[in-house]
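Presented below is the structure to which this report refers.
Each value in this text was obtained by applying a stated rule to the coordinates, not by laboratory testing. Model, not experiment: these values are computed from the prediction. Note that we place each Cβ from the backbone using ideal geometry, even for glycine, and neighbour counts take in every protein chain shown.
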Amino acid sequence: MKVTRELFNEVMVPNYNPAAMIPVRGKGSRIWDQDNIEYVDFAGGIAVNALGHCHPELVSALKEQGEKLWHLSNVFTNEPAIRLAKKLTDLTFADRVYFANSGAEANEAALKLARRWALDHHGEEKNQIISFKQGFHGRTFFTVTVGGQPAYSDGFGPKPGAVEHAVYNDLASLEALMSDKTCAVMMEPLQGEGGIISPTPEFVKGVRELCDKHNALLIFDEVQSGVGRTGDLYAYMGLNVTPDILTTAKSLGGGFPIGAMLTTKDIAESLKPGTHGSTYGGNPLACAVAERVLDVINTPEVLEGVKHKEQLFRDGLNAINEKYQVFAEIRGKGLLLGAALNEKYQGRARDFLVASVGEHLMCLVAGANVVRFAPSLVIPDEDIKEGLARFERAVAKVVNG
Ligand SMILES: Cc1ncc(COP(=O)(O)O)c(C=O)c1O
């Protein structure tokens, strides 16, 4: 069968509009397409391929587990799932883990847990969930409603209720919505899809204080910011604010689908047997790979390396900006960076992405005004240099029309 981009349109639901080229092979931070053209990968599959493509440790973890046991269902448990949960609890504030297959499902579990916890401890009046405008938490109907982008949640009929949105980095707007009816506040400790927005330290601290004041749970969605992406194992560790529930996915599997919700022993009690579940959650293949991902990433070399590589990106992007004057600022943390376009290029982030593909570079956007970079955490310095040279050519193309 000849596989072409045209065939995609004939057989796929049209909710995606992928690039014209079809990647067939990857190694580290390089990808090759059907014509053997090589690309530098600054996207990492939207902040997923935290160890690049086909990292030898992950390939061997998958092969080893693939020859032992693929799937069981949650009628039985399995060794990789228990080992991974033990590692996650040892490394974070959490005592208990629930496994899912994606970020949205981890968030769905977090939101359902928060509602159950509030019902158990405070009664059914305490059901309000507050999140933030521009936030993104996934595409299930509950998570897309909690996310703060109506463009994604409108048009599907009645939404789940008791969900409200405050303004990120504006404590007063949150305070105005909060009361003893608030059961949880959900936030990204670094907004990703919404434009790479870091919270101010005072804001995060204030959110924690308001949650404590109103007996509400604080849920950190670390689906994009977690597992070393910001240079800390989880972003909350660099903010000195501890959530009650944390969700993690994307980098956790390094490309193998897995999500997890982490919480404390007491809060976890509300998900009693039968209250929630998933056929594939805790799948041995996914957990075996994720365990290896954690082992490789949670080392001083990799986490310090993220900070060093962030600086290479910042220096390179600033140098490009000095020449072409396209960015208002470079923002984000670690290897979750955004080049925010200045007034002159408002709304044109996608043009930079398309020009980059033309120069054989994969990058991302975060909304209409930000070009986003979320490469492998172990991307070689030479690949950063080469990718930035390609990005400079793409910028020149956009600037020169
Ligand atoms: C912060 C955040 N939460 C949740 C999700 C949804 O994750 P998934 O696509 O794995 O369901 C994303 C995906 O971009 C995300 O960035």
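Could you sort 388-396, 67-75 so that the peptide with the highest average Cβ count within 10 Å comes first and the rest follow in order?
Answer by packing, highest mean first, reads 388-396, 67-75.
What does the highest-first list of 96-104, 218-226, 371-379, 164-172 look like by mean Cβ count within 10 Å?
Ranking the peptides 96-104, 218-226, 371-379, 164-172 by packing returns 218-226, 371-379, 96-104, 164-172.
Please work out the Cα convex hull volume for the range 307-375 and give it in Å³ per residue.
So the per-residue hull volume is 78 Å³.
Are any of the pairs K126/K250; K112/K159; K250/K397; K63/K86; K112/K213 more than 20 Å apart by Cα-Cα distance, and if so, which?
K126/K250; K250/K397; K63/K86; K112/K213
What residue among A355, A162, A106 has the largest mean-square fluctuation in a Gaussian network model of the chain, using Cα springs under 10 Å?
A162
Return the distance in nm (one decimal) between the two label points of a simple spin-label model at Q34 and A20, each offset 7 Å from Cα along Cα→Cβ.
So the two model labels end up 1.3 nm from each other.
Rounded, prolate or oblate for the range 203-320? Axes are the square roots of the Cα gyration tensor eigenvalues, ordered a ≥ b ≥ c, and the cut-off for rounded is a/c under 1.5.
oblate
Would you mind classifying the range 285-401 by shape? Square roots of the alpha carbon gyration tensor eigenvalues, ordered a ≥ b ≥ c; an a/c under 1.5 is rounded, otherwise it is prolate if a/b is larger than b/c and oblate if not.
prolate
To the nearest 20 Debye, how big is the dipole of the chain about its Cα centre, given +1 on the beta carbon of each Lys and Arg and -1 on that of each Asp and Glu?
About 440 debye.
Note down the magnitude of the dipole of the range 210-298 about its Cα centre, charges +1 on Lys and Arg C-beta and -1 on Asp and Glu C-beta and zero elsewhere, to the nearest 20 debye.
For this selection, approximately 160 debye.
Could you grab the Rg to Rh ratio for the range 1-114? Cα atoms only, Kirkwood for Rh.
Expressed as Rg/Rh, it is 1.04.
First check a/c for the range 116-192, with a ≥ b ≥ c the square roots of the eigenvalues of its C-alpha gyration tensor; if it is under 1.5, answer rounded, and if not, answer prolate when a/b is larger than b/c or oblate otherwise.
oblate
Kirkwood hydrodynamic radius for the chain: how many Å is it when counted over pairs of different Cα atoms?
Evaluated on the chain, it is 21.8 Å.
Quick check on the chain: of the DSSP beta bridges with both residues there, what percent are antiparallel, nearest 5%?
Percentage antiparallel, nearest 5: 65.
Over all directions, the average projected area of the alpha-carbon convex hull for the range 177-262 comes to how many nm²?
5.8
Considering all alpha-carbon pairs of the range 68-123, what whole percent are spaced by more than 13 angstrom?
71
Given contacts defined as C-alpha pairs under 8 Å and at least six residues apart, what's the relative contact order of the chain, whole-number percent?
Normalised by residue count, the contact order of the chain is 22 percent.
Sort the following peptides by mean Cβ neighbour count (other Cβ atoms within 10 Å, averaged over residues), highest first: 312-318, 190-196.
Per-residue Cβ counts within 10 Å, averaged per peptide and sorted highest first, yield 190-196, 312-318.
Tilt of helix 56-66 relative to the longest C-alpha principal axis of the chain, in degrees (0 to 90, nearest 10)?
Relative to the chain, helix 56-66 is tipped by roughly 50 degrees.
P(r) of the range 102-242 in 5 Å steps, Cα pairs, percent per bin?
Per 5 Å bin, starting at 0, the Cα pair percentages come out as 2, 11, 21, 24, 22, 14, 5, 1, 0.
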